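Written out below as structure tokens is the structure these notes cover.
The values are calculated or read from the model by the stated rules, or taken from the named source; none is laboratory data. Nothing here was measured: the structure is a model prediction, and the numbers come from that model. Reconstructed Cβ throughout: ideal geometry from the backbone, glycine too, with neighbour counts over all protein chains shown. Each accessible area value is taken on the protein alone, full model and side chains, heavy atoms only, with ligands, DNA and RNA left out. Shrake-Rupley method; radii C 1.70, N 1.55, O 1.52, S 1.80 Å.
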Amino acid sequence: MAQEARMENQDETRGGRGRGRRGAVPPMANVNTAYVRMRNPFAPQQAFSADQVAAMHDGALRVLEELGIKVLLDEARDLFRKAGALVDEDSQMVRIGREIVTAALTTAPRSIRLRAANPAREQVYELGSMLFMAGAGCPNAFDNERGRRPGDLTGYLETLRLQQSFDVIHMHGPSVEPQDVPIHLRHYAMMKGQLENCDKPLFVYARGRQQVEESFEMIRLARGLDDAGFRDGVWATTVINSNSPRQLDLPMSRGIIDFARAGQMTIITPFCLAGAMAPITISGALMLQHAEALAGITLAQITQAGAPVSYGGFLSNVDMKSGSPAFGTPEHIRACIGSGQLARHIGLPWRSATGAASNVADSQAASETIMALWGAVLGGATVTVHSAGWLEGGLTLGYEKFILDIENLQTIAELATPAPADAAALGFDAIADVQPGGHFFSTAHTMERYQTAFYRPLVADLSNHGSWVEAGSLTAAQRATAIWKQKLADFVAPETCAGVADRLDAFVQQASESGGAKPED
């Protein structure tokens, strides 16, 4: 994207490059387009040879053909049977011929339009796009002032507002689980939170047919959509995790079917841990991951040919002493890059993830997340989940960690913006103006560009030691506390959210009084 595409009213607390003309961009266009619409600038790397990737793909097809996958949902087994798969009802095992998988891959779309309340935040989900989601699915929250605590509705809403506040977060997700809301009513609160506070692509949990259908209806009501409008692109995404090894449970299978029939996107993501739920070798774990992902993709396509679906990979290793998941390891990075190779082998966009096993926002957490992030970026991931805030292997969403990770994502976004190298940028005349041993601080070339030439850090403190001490000797995490607090204090819902509560309240009240919807076991 062109340097000129940057919005002109960024401020220092946001990070990025300031422009000077404050408030010049209308509210609906109040986005940094260079951060919102990102393409991966790096050539995809290879962890395995083309022959090895082809062998993994062939081996995955063999797993599905000869060993099969256990499918707990009757409706899903029936769909596989009608497509020609061999189904054993007693064991619930489904053996899927490679011709069925190959046919499914021909109908799966290569490019998917992700809709958003604000058209400026719509995305094209395809290979080459580079999107980020915050840490999601965390049962706990942590910040330096309130400590570690169970996730509640306050934490859920706060973290949604933090997601909304940074343009480099592209898709919403449930960073903190609102456990103080009864489970049969929770999806109402979670959808209201997104629809009343956010204008980016939305997330819906696949926790049972009624919950999914009611969540879809809330999107239609909030956005004023009829059925055709709801099907015009993807308004909701969900993540489908298989139960490795080789099992699709009831809500995951039903989620694939329901999203496919509604024209919404499933991100099929086996969560394989090498040495635990998958072979201890990365190539073997990748082959199993690939087989499980292909099974989910096939179910989506035999349900509705052309249904929007994404390949997904979230593969790392375990600590063989404790059994705990590890992130940012050499094995994790290799798996990320290998997953990208498999996704490109079948031609589909794909989802990766970062992660941190560390319990606090320390150097371990930073290293784990950054290394995993580079694995996803160099693997060519379309979307990288858990890219901001994840701690304890996903058990906690850290507010300071979220802000610190945003700095890393904005750095990646800056690298995705081409640097000019025309005659003016090369600055031959500026070099000629400065005598040997001189400096460039006051050249015309510098003075014309200094306000926007470099990335302005969000968290990092570039002052000298004396200035840092005078300012209170704050650590990066302490500075991050001030940033998230200010973001929440200043938060104003996007103008597209105006009137949403009025359109949803009657539906939510009636549905709640009718007993809500329990998740599917």
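A few notes on this one:
- For region 343-365, the candidate set comprises residues that are outside any loop (DSSP other than H, G, I, E, B) and touching a strand residue (DSSP E or B) at 6+ places or on another chain (Cβ under 9 Å); within that set, the residue that is farthest from A136 (Cα to Cα) is I346.
- Contact annotation: residue pairs with Cβ atoms under 8 Å, 6 or more positions apart or on different chains, pairing a residue in region 114-128 that is in contact (Cβ under 8 Å) with a residue 24 or more places away in the chain with a partner that is hydroxyl-bearing (S, T, Y) and assigned to a helix (DSSP H, G or I), are A117/T496; N118/T496; A120/T33.
- Test: residue in region 408-420 that is touching a residue at least 12 places away in the same chain (Cβ under 8 Å), open to solvent by less than 50 Å² (accessible area, probe 1.4 Å), in a helix (DSSP H, G or I) and closer than 30 Å to Q179 by Cβ: yes
- The lone criterion from (1) free of Cβ contacts under 8 Å to residues at least 40 places away in the same chain; (2) open to solvent by 20 Å² or more (accessible area, probe 1.4 Å); (3) among the hydroxyl-bearing types (S, T, Y) left unmet by S358 is number (2).
- The residue list G340, G375, G323 contains one member that is surrounded by 24 or more Cβ atoms within 10 Å (Cβ to Cβ) and either part of a loop (DSSP other than H, G, I, E, B) or out of contact with any helix residue (DSSP H, G or I) (no Cβ under 6 Å at 6 or more places or on another chain) (or both), which is G340.
- Pairs, first under 12 Å from V309 (Cα atoms) in region 234-253, second open to solvent by less than 20 Å² (accessible area, probe 1.4 Å) and in a loop (DSSP other than H, G, I, E, B), C-beta under 6 Å, six or more apart: V234/Q264; V234/P308; A236/V204; A236/Q264; T238/V204; T238/A206; V239/T269
- Enumeration of residues in region 173-190 that are within 25 Å of D143 (Cβ to Cβ) and open to solvent by less than 10 Å² (accessible area, probe 1.4 Å): G173, P174, S175, V176, P178
- Meets criteria (surrounded by 19 or more Cβ atoms within 10 Å (Cβ to Cβ) and not in a loop (DSSP other than H, G, I, E, B)) for Q210: no
- Any hit, region 434-453, residues being under 30 Å from G380 (Cα atoms), open to solvent by less than 80 Å² (accessible area, probe 1.4 Å), in a loop (DSSP other than H, G, I, E, B) and out of contact with any strand residue (DSSP E or B) (no Cβ under 7 Å at 6 or more places or on another chain): yes
- Just one of the listed residues (G380, G393) is more than 19 Å from Y455 (Cβ to Cβ) and surrounded by fewer than 24 Cβ atoms within 10 Å (Cβ to Cβ), namely G393.
- Of the listed requirements (1) among the charged types (D, E, K, R); (2) open to solvent by 30 Å² or more (accessible area, probe 1.4 Å); (3) touching a Phe, Trp or Tyr at 6+ places or on another chain (Cβ under 7 Å), D167 misses just one: (2).
- Residue match in region 156-163 (condition: on the phi < 0 side of the Ramachandran plot and either touching a strand residue (DSSP E or B) at 6+ places or on another chain (Cβ under 6 Å) or not in a helix (DSSP H, G or I) (or both)): yes
- One residue stands out among those in region 213-246 that are hydroxyl-bearing (S, T, Y) and not in a helix (DSSP H, G or I): the one that is surrounded by the most Cβ atoms within 10 Å (Cβ to Cβ), which is S242.
- Qualifying position, being at pLDDT below 95 and not hydrophobic (A, V, I, L, M, F, W, C), among G255, G208, G275: G275
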